[in-house]
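To start, the structure under review is shown below, and the notes come after it.
The values are calculated or read from the model by the stated rules, or taken from the named source; none is laboratory data. Since we're looking at a predicted model, the values are computed, not measured. For neighbour counting, all protein chains shown are included, and Cβ atoms are generated from backbone atoms with ideal geometry for every residue, glycine included. Ligands, DNA and RNA are stripped out before the accessible areas are found, and what is left, the full protein with its side chains, is counted by its heavy atoms. Shrake-Rupley method; radii C 1.70, N 1.55, O 1.52, S 1.80 Å.
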Amino acid sequence: MKVEAKLEFQTSAAPKTGADLLIDLLIKEGVETIFGYPGGAVLPIYDAIYKAQDRIGHILFRHEQGMIHAAEGYARITGQPGVVLATSGPGATNLVTGITDAMMDSLPLVVFTGQVARSVIGTDAFQEADVMAITTPITKHNYQVQSISDLPRIVKEAFHIASTGRPGPVLVDLPKDVTSGILSEPLEESELDLPGYQPTYKPNSLQIKKMAESLATAHKPVILAGAGVLHAKATQELTTFAEKHNIPVATTLLGLGAFPADSPLSLGMAGMHGTYAANMALYETDLLINFGARFDDRLTGSLKHFAPFAKVAHVDIDPAEIGKNVPTQIPIVADAKAALTELLEQTEISPTTESWLEKLKQYKQDFPLWYKHDPKGMCPQWLIEAVHKVTNGDAIVATDVGQHQMWAAQYYTFNKPHRWITSGGLGTMGFGFPAAIGAQIAAPESTVVAIVGDAGFQMTLQELSVIYERNLPVKIIIVNNGALGMVRQWQELLYENRISHSLLHSHPDFVKLAESYGIRGVRIDNQEDLVASLPELFAFEGPVLVDCRVLQQEKVFPMIAPGKGLHEMIGVKPV
Amino acid sequence: MKRIITLTVQDRSGVLNRVTGLLQRRQFNISSISVGPTETEGVSKMTLVVDVEDGQRLEQVTKQLNKQIEVLKVSDITDKAIVARELALIKVSSGSQLRSEINGLIDPFRAIIVDVCKESITVQVTGKPEKVDALIDLLRPFGIKEIARTGLTASLRGHQPQSNEQTPYSLTAR
Ligand SMILES: Cc1cc2nc3c(=O)[nH]c(=O)nc-3n(C[C@H](O)[C@H](O)[C@H](O)COP(=O)(O)OP(=O)(O)OC[C@H]3O[C@@H](n4cnc5c(N)ncnc54)[C@H](O)[C@@H]3O)c2cc1C
Ligand SMILES: Cc1ncc(C[n+]2csc(CCOP(=O)(O)OP(=O)(O)O)c2C)c(N)n1
């Protein structure tokens, strides 16, 4: 779906500006859609977009935060950088949450911000903000363009850095005099000048050998599959490897979909709200093989008790992640696909895992995920299962942050990759709905569901305008429990039920709200109605908002309290 | 433990900010930092002295620094054969009658007097931080008005002994 690259110097009468050059360079990078919001410092760029409107798309969001989360959703689905454009000062600072989110979750973005003219930088000029200083710790890299002639190199480097190695956000700050400056001559194509940036893709063969040898003698091996497997597009290789050696697989929250959930070898998600079987496997294992997970604290629980009996092998494209949290005996700096490919070529014998698999199967049987059905109300977990059913488990699911996010992770089981979009590392409320918009833009033919909480949705709901305007058929499921549910859960369990400011005593009428944006809205408060109406709602061609009134007191279980080990789960059985 | 880490970096605006910001964010303590151009145009060298708890943290700081796009090379040279030097300017209160006494004192340090006025003199000393510390201690009784130190800069010696004959450079606490 790439747009034909054409970079031509216009010989027409109108002189070409830095902004015109920028747009040409974006087209050359294959950019189809800019997620943008205009303002004074980017007016030259908007003029160039106007002139190039038949060659590049632009979607106007209603808040810079919404648009950058949409760009993240787009990047998560396509694997290509989402391209964001905002004005200087407040436009740029409104992006900060999204940039940080993309940094934490390794999503490729190229973010362009306007800046005041170079002659007034540093004078507290109108809408000036020190975007370079603000974004240095939250970007993979950032640039301020000092001359038009640097533009071709910087744009090329920005896309290269954002999308190679460990992906991440790159910001390019564009002083207004650079974008409005006139090109005196056509600019030559530019080369990358990045001597300090050479990501390692191929694994060290000695370490691969060591891993194969360790595997041959292991009795209780387990694979932890993280988002790195998805970045590497290595789900097929991972599945082949696990099946070849009969190794069970747990995933992280961001690794959902990296391994088919319906495989007998799948243990489900591990971590704070992971399954009993996945967490006990990580606890009891004697060989933990981590492909592309960064051993986040939500995954490991207390490090003191993490994988205490295991030899640890860790495959990660970022050397700094290996050994950062968990001591690692077999470090493998590599792309997950390259490492798996080499591992599959090893001739080492498979471990004997029958009794280990038998034990884990027993765990799965004895301690499955559970919730109590209540025929009178609607259980949020049941709601997710119903959405799974009506979408044949094949929708793109974007969530916000909170209880509903965990229930979606637990109950919308993914058999295929690249269908799951959630904010893991930063846990950004307000992420889910706009991220779903970005996903729908990336995959116009797919069913896209935004599963959001009643609180988080209100942080970025203004983007309803965008799905109306563009007729993007996003299906919004509000898991409405009248509370900041996840906060209330912690207060109930860890603060002796002192419910401090975590209930929402007033709500807009979400149905009328949707209608006021021109969108179909429906309220449902019981299982029967949901079962009756969901098929039609999902068959509906345009966007729909479904305000689902769920049981308010439900909690996410199992759970590992802060400071506890993976073997110290609570709520593994109905009480 | 104190470690000497050298970085070669592309000389682009913001790179010093990037390095110090990273160290601060990841809670590494910088004892000193010095920066200057190298023999290659467009490439600068930084010498950092950082305080880290253990080998794991040291590995982490090196890897994080290496990840920065403009950082070309990171070396922990603490255990190598190195030349490590610092320059200090020490302003001491001194009337003319004390001058010869001070001269006698600083001579073994191969320090020199670089500024003289009625009430004070300024001594310049170059050497390992311990030597600079020692001279400062000796000058203290005269009344020190001001100290300016460059921080350590270091480079590998031309000949690197085999690891068994090597005496690691020690950075004692100041
Ligand atoms: C309310 C809440 C609850 C949560 N509960 C849980 C929980 O129970 N369990 C859980 O797991 N998480 C949970 N999280 C999420 C958690 O905070 C982390 O975001 C998550 O564990 C990170 O998963 P990851 O390491 O797979 O992905 P990332 O953080 O995206 O890390 C990916 C890793 O892969 C590497 N990588 C990238 N590309 C490649 C490649 N091509 N080849 C190899 N490696 C590559 C990267 O360098 C990085 O180390 C929760 C979050 C929230 C908000
Ligand atoms: C921007 C932001 N502010 C605060 C939080 C802390 N927080 C985490 S979950 C949560 C409650 C979310 O409530 P809701 O959106 O209704 O979802 P629920 O947990 O009820 O499913 C809060 C406040 C956060 N993650 N992000």
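Here are a few things to note about the model shown:
- The A:K564 and B:S75 beta-carbon pair, evaluated with R₀ = 56 Å, returns a calculated FRET efficiency of approximately 0.90.
- Length gained when the stretch A:S302-A:L493 is fully extended (0.36 nm per residue, less Cα-Cα span): 66.9 nm
- Other-chain or far-sequence residues with amide H under 5 Å of A:R520's (modelled H): A:L545
- Paramagnetic label zone (point 7 Å from Cα along Cα-to-C-beta, B:E119; backbone N under 14 Å) in the range B:139-162: B:143-146
- Net charge contributed by nearby residues that have their C-beta within less than 12 Å of A:V42 (K/R +1, D/E -1): -2
- Extreme residue, positive dipole direction of the range A:205-366, given options A:S263, A:L288, A:L299 (C-beta unit charges): A:L299
- Using alpha-carbon coordinates, inclination of helix A:432-442 to the longest axis of chain A, degrees: 70 degrees
- Debye intensity ratio I(q)/I(0), log10, the range B:2-76, q values 0.13, 0.16 Å⁻¹ (C-alpha model): -0.33, -0.50
- Over 37 Å [Cα-Cα, chain A], rounded percent: 36 percent
- Length added when fully stretched, A:A117-A:K233, from 0.36 nm per residue minus Cα-Cα: 37.6 nm
- Under a 5 Å amide H cut-off, with hydrogens placed 1.01 Å from N, A:A443 pairs with nothing among residues at least 5 apart or on other chains.
- Extent along principal axes [Cα atoms of the range A:318-464; Å; largest to smallest]: 54, 37, 33
- The range B:83-154: radius of gyration over Cα atoms, expressed as a fraction of 2.2 N^0.38 Å: 1.04
- For the range A:190-204 and the range B:20-79, distance of Cα centres in Å: 20 Å
- Using a probe of 1.4 angstrom and keeping all protein chains present, the accessible surface of the range B:83-154 works out to 53 square angstrom per residue.
- The mean of 1/r over all pairs of different alpha-carbon atoms in chain B, once inverted, gives a Kirkwood hydrodynamic radius of 17.9 Å.
- Computed E for A:K389/A:K573 - FRET, C-beta separation, R0 22 angstrom, nearest 0.05: 0.30
- Dividing the summed helix terms, -39500 (n - 2.57) for each DSSP H run of n ≥ 4, by the number of residues in chain B produces a 222 nm estimate of -7500 deg cm²/dmol to the nearest 500.
- Highest-first arrangement of B:129-135, A:120-126, where packing means the average Cβ count within 10 Å: B:129-135, A:120-126
- Total charge dipole magnitude, the protein assembly as shown, about the Cα centre, Cβ charges on Lys, Arg, Asp, Glu only, Debye to nearest 20: 1480 debye
- Prolate/oblate/rounded call for the range A:96-166, Cα gyration tensor, a/c under 1.5 rounded: oblate
- Placing +1 on the Cβ of every Lys and Arg and -1 on the Cβ of every Asp and Glu, with no other charges, gives the range B:1-46 a dipole of roughly 360 debye about its Cα centre.
- Positive-pole candidate from A:A310, B:M1, A:G82, dipole of the protein assembly as shown, charges at beta carbon: B:M1
- Those residues of the range B:56-98 for which accessible area with every protein chain present is at least 40 Å² below the isolated value (1.4 Å probe): B:Q56, B:Q60, B:K63, B:K67, B:I69
- Whole-angstrom gap from the range A:59-79 to the range A:399-415, using each part's C-alpha centre: 20 Å
- Per-pair calculated FRET efficiency, R0 = 41 Å: A:L503 and A:Q362 via Cβ, rounded to 0.05: 0.50
- Modelled spin-label separation between B:L16 and A:A216, with each label point placed 7 Å from Cα along the Cα-to-Cβ direction: 5.6 nm.
- With Cα atoms, 0 to 90° folded angle of helix A:336-345 axis to chain A main axis: 50 degrees
- The residues packed around A:S88, meaning those with a beta-carbon under 12 Å from its beta-carbon, carry a net charge of -3 if Lys and Arg are +1 and Asp and Glu are -1.
- Averaged per residue, the range A:380-549 has 38 square angstrom of accessible surface, using a 1.4 angstrom probe with ligands and nucleic acids left out.
- Simple spin-label estimate for B:T40 and A:L344 in nanometres, 7 Å along Cα-Cβ: 3.9 nm
- For the range A:395-476, the convex hull drawn through the C-alpha positions has a volume of 83 cubic angstrom per residue.
- Taking the protein heavy atoms of the range A:426-476 in the context of the full set of protein chains, the accessible area attributed to carbon and sulfur is 48 percent at 1.4 Å.
- A/B buried area, accessible surface, summed, 1.4 Å probe, Å²: 1400 Å²
- Note on A:F291: accessible area approximately 0 square angstrom, rounded to 10, probe 1.4 Å, nucleic acids and ligands left out.
- For the range A:380-549, with +1 on Lys and Arg beta carbons and -1 on Asp and Glu, the positive-most of A:L504, A:L537, A:F431 along the dipole: A:F431
- Fraction of accessible area attributable to carbon and sulfur, the range A:73-164 (%, probe 1.4 Å): 56 percent
- Cα gyration tensor shape of the range A:150-262, rounded if a/c is under 1.5, else prolate or oblate by comparing a/b with b/c: prolate
- Rounded to 10°, Cα long-axis angle of helix B:129-139 versus longest principal axis of chain B: 20 degrees
- Those residues of the range A:105-138 for which accessible area with every protein chain present is at least 20 Å² below the isolated value (1.4 Å probe): A:T136, A:P137
- Overall form of the range A:55-146 per C-alpha gyration tensor (a/c, 1.5; a/b vs b/c): prolate
- Applied to the range A:106-121, the Karplus parametrisation 6.51 cos²θ - 1.76 cosθ + 1.60 on θ = phi - 60° returns per-residue 3J(HN,Hα) values of 6, 9, x, 9, 10, 10, 9, 10, x, 9, 5, 4, 4, 5, 10, 4 Hz, with x for Gly and Pro.
- A simple spin-label model places the labels of B:V83 and A:D130 3.7 nm from each other, with each point 7 Å out along Cα-to-Cβ.
- Backbone HN-Hα couplings from phi across the range A:168-182 [Karplus 6.51/-1.76/1.60, Hz, Gly and Pro as x]: x, x, 10, 10, 10, 8, 10, x, 4, 6, 6, 6, 8, x, 9
- Within the accessible area of the range B:83-154 (1.4 Å probe), percent carbon and sulfur: 53 percent
- Cα-only radius of gyration and Dmax that characterise the range A:205-366, units Å: 13.8, 41
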